[in-house]
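The structure under discussion appears below in the form of structure tokens.
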Amino acid sequence: MFHYAYIVSALAVLSVVLGHPQWQNSDAERMRILGPLAPTARGVSCSGVLTPSSTIPSSVHALRPADIKHVGAMGDSLTAANGAKAFSIIAVLVEYRGVSWSIGGDDNLDKVVTLPNILRKCNPQLFGYSKGSGNRNSSGAGFNVAKAGAISKDMPSQAVLLVDRIKRALGANFAYDWKLVTFFIGGNDLCVYCKDTKLYSADNYVGNIRTALDYLHANMPRTLVNFVTVLNVAELDDLHEGLTCQSLQNIICDCSTNKKTREITRQANINYQSGTNQLIDSGRYDTKDDFTVVRQPFMEHMKVPLTADGKSDFSYFSPDCFHFSQKGHEAAAVELWNNMVGFFVYIQ
């Protein structure tokens, strides 16, 4: 994620000299790992609050999921979906945006569980989701402006890029159509926090988030922003097994895995979360009827899933033991959707 050029070189070398037993499976087993079952998401019923409004609402507080016409996303490699369909370490460099939990739109809900595919179940006329693989400037990226290696200071520029991209695509409908933006960042900041505790302080992190959200607030009408609180990077310790995982995590996120710096990183993680929670809960983004930011906290206390025998379930992660596999993306999509349904039910 961070120090991206260095990580690219490291992955290229490690892909040759290392293997991971979790991916030494038959093709059928690999498809099972990357094709998880998510019956609760696939069984979405388009009734009640999930039906479109009879007339397009003017207030975000009357918005229903099926009223949303466009989706966008900001963030880093976890939103770019690096390695989501990878069977080798080197393939983690590929951005499988079409299966990204918050913005992917490959196939349909029967085959790929993502937030846009869930939304499309009740509103087929949804736009902006990503298709296929490629970087944020690829033809299939849609309104996914996430960039691998991004940190919080990159978010203001991503906000500008996102607004510009959507405005150019929508033209006159920019002010009229409802938009959903999912914003998720912070893992890279935490992974290098111990290198420069002032630069990556919670104050700076929250300040960068504030600047980005302020820009969206001022320039994106009819928008609901999902702000997903930064994940708990301390959980990486549960995946710190074997030569491959240890080697890669020591490159990608050593501030979290190193015993000497783990505690200060854990505290910074808590401060990042509490700082953004206070920002969003302050009402700063509730001053207009057609815009709001909703805090989605499901990543805050995320735990590594366990297998039936109580061991860490690596099938939720790509071969680098850090990024999500497609299974991990689908699990995150379901969690995000469940949180969102609670919001829509509440405002109705």
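The values are calculated or read from the model by the stated rules, or taken from the named source; none is laboratory data. Quantities reported herein were computed from a predicted structural model and do not represent experimental measurements. Reconstructed Cβ throughout: ideal geometry from the backbone, glycine too, with neighbour counts over all protein chains shown.
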- prompt: Before we move on, is TYR96 within 23 Å of the chain's Cα centre (by Cα), surrounded by 14 or more Cβ atoms within 10 Å (Cβ to Cβ), of a type in the set (Phe, Trp, Tyr) and at pLDDT 90 or above?
  reply: yes
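Each row is one residue, and each column tells you yes or no for (1) under 18 Å from LEU190 (Cα atoms); (2) surrounded by fewer than 16 Cβ atoms within 10 Å (Cβ to Cβ); (3) not hydroxyl-bearing (Ser, Thr, Tyr).
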{"position": "ILE252", "(1), (2), (3)": "yes, no, yes"}
{"position": "ARG262", "(1), (2), (3)": "yes, no, yes"}
{"position": "LEU279", "(1), (2), (3)": "no, no, yes"}
{"position": "ASP309", "(1), (2), (3)": "no, yes, yes"}
Residue list for region 214-250, filter: out of contact with any His (no Cβ under 8 Å at 6 or more places or on another chain), β-branched (Val, Ile, Thr) and closer than 26 Å to LYS195 by Cβ: VAL228, THR229, VAL230, VAL233
query: (1) within 30 Å of ASP164 (Cβ to Cβ); (2) not in a loop (DSSP other than H, G, I, E, B): which one isn't true of ALA268, the others all being true?
result: (1)
task: Could you identify the single residue in SER102, SER157 that is free of Cβ contacts under 8 Å to residues at least 60 places away in the same chain, among the hydroxyl-bearing types (Ser, Thr, Tyr) and either touching a strand residue (DSSP E or B) at 6+ places or on another chain (Cβ under 6 Å) or surrounded by fewer than 20 Cβ atoms within 10 Å (Cβ to Cβ) (or both)?
output: SER157
- line: Residue count, region 110-138, condition over 21 Å from ASP164 (Cα atoms) and over 18 Å from the mean Cα position of the chain (by Cα), comes to 8
field: region 160-174, residues that are out of contact with any Asp or Glu (no Cβ under 9 Å at 6 or more places or on another chain), surrounded by fewer than 20 Cβ atoms within 10 Å (Cβ to Cβ) and of a type outside the set (D, E, K, R)
entry: VAL160, LEU161, ALA169, GLY171, ALA172, ASN173, PHE174
message: List pairs: first residue in region 180-201 and more than 21 Å from ALA332 (Cα to Cα) and charged (D, E, K, R), second residue at pLDDT 95 or above and surrounded by fewer than 24 Cβ atoms within 10 Å (Cβ to Cβ) anywhere in the structure, Cβ distance under 6 angstrom, at least six positions apart or on different chains.
response: none
- line: If we keep only residues of region 289-331 that are of a type in the set (A, V, I, L, M, F, W, C) and modelled with pLDDT of 95 or more, then the residue farthest from THR114 (Cα to Cα) is PHE291
statement: Considering region 71-93, residues that are touching a Phe, Trp or Tyr at 6+ places or on another chain (Cβ under 7 Å), assigned to a loop (DSSP other than H, G, I, E, B) and of a type in the set (Gly, Ala, Ser), and then whichever is modelled with the lowest pLDDT, we arrive at ALA84
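Conditions (1) assigned to a loop (DSSP other than H, G, I, E, B); (2) buried (at least 17 other Cβ atoms within 10 Å of the Cβ); (3) charged (D, E, K, R), marked per residue:
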position: LEU109; (1), (2), (3): yes, yes, no
position: SER133; (1), (2), (3): yes, yes, no
position: ARG136; (1), (2), (3): yes, yes, yes
position: GLY140; (1), (2), (3): yes, no, no
position: ALA146; (1), (2), (3): yes, yes, no
message: For region 221-256, give me the residue count where each residue is in contact with a Leu (Cβ under 8 Å, 6 or more places away or on another chain), more than 18 Å from TYR316 (Cβ to Cβ) and part of a helix (DSSP H, G or I).
response: 3
- request: Any residue in region 310-330 that's in contact (Cβ under 8 Å) with a residue 40 or more places away in the chain and over 20 Å from LEU93 (Cβ atoms): show its pairings with residues that are among the β-branched types (Val, Ile, Thr) and not in a helix (DSSP H, G or I) at Cβ separation under 8 Å, as long as the two are six or more apart or on different chains.
  value: SER312/VAL304; GLU330/VAL112; GLU330/VAL113; GLU330/THR114
- prompt: Taking SER157, is it farther than 25 Å from THR55 by Cα, more than 15 Å from the chain's Cα centre (by Cα) and part of a helix (DSSP H, G or I)?
  reply: yes
task: Of the numbered conditions (1) more than 21 Å from LEU216 (Cα to Cα); (2) charged (D, E, K, R); (3) not in a loop (DSSP other than H, G, I, E, B), LYS259 fails exactly one; give the number of that condition.
output: (3)
- prompt: GLY187 is checked against (1) small (Gly, Ala, Ser); (2) exposed (fewer than 14 other Cβ atoms within 10 Å of the Cβ); (3) in contact with a helix residue (DSSP H, G or I) (Cβ under 7 Å, 6 or more places away or on another chain) and fails just one. What number does that condition carry?
  reply: (2)
